[in-house]
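Please treat every number below as a calculation from the coordinates, not as lab data. No experiment lies behind these values; they were computed from the predicted model shown. Every residue, glycine among them, receives a Cβ derived from its backbone with ideal geometry; neighbour counts consider all protein chains shown.
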Amino acid sequence: NDVNSGNGEHTTNDESTNEGRGMLFTQIVRILKHRQPKAFLLENVPGLIHTDGGRALQTILTALESAGYKVTTEVVSSRGLTTQARKRLYLVGIHTSKYQTTKYATNK
């Protein structure tokens, strides 16, 4: 059930794809809990901020924090790095055992 959004992007109405996305995130959290890297960087579309009234992002942040990370988010334009002005949502996590408020930036 693929759908062309009209702007060149391809989307799908297949629920299994949505489940697959959730499974990918579940695997990311599982790996973070198991490997416990000092830090991680994830990126997504800025629309995630408003998805499901903000609950989707909050669910993600809660899961990442429960894995042992202090997480900050920022929407950044790639304009300075590429010819595109595409905005992306970045999630940066620092493991709580490595996090010091005097050393790393926190959310505003």
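Under 11 Å from the Cβ of Thr96, count the other residues' Cβ atoms, weight Lys and Arg +1, Asp and Glu -1, and hand me the total.
Working: positive: Lys38, Lys70, Lys98; negative: Glu65.
Overall, the nearby charge balance is +2.
Gyration tensor analysis over the Cα atoms of the range 38-95 returns equivalent ellipsoid semi-axes of 22, 16, 6 Å (largest first, whole Å). Relative to the current alpha-carbon distance between Ile49 and Ser77, full extension at 0.36 nm per residue lengthens the span by 8.5 nm.
The phi torsions of the range 29-39, fed into the Karplus equation with coefficients 6.51, -1.76 and 1.60 and a -60° offset, translate into couplings of 5, 4, 5, 4, 5, 6, 8, 6, x, 4, 7 Hz, rounded to whole numbers, with Gly and Pro shown as x.
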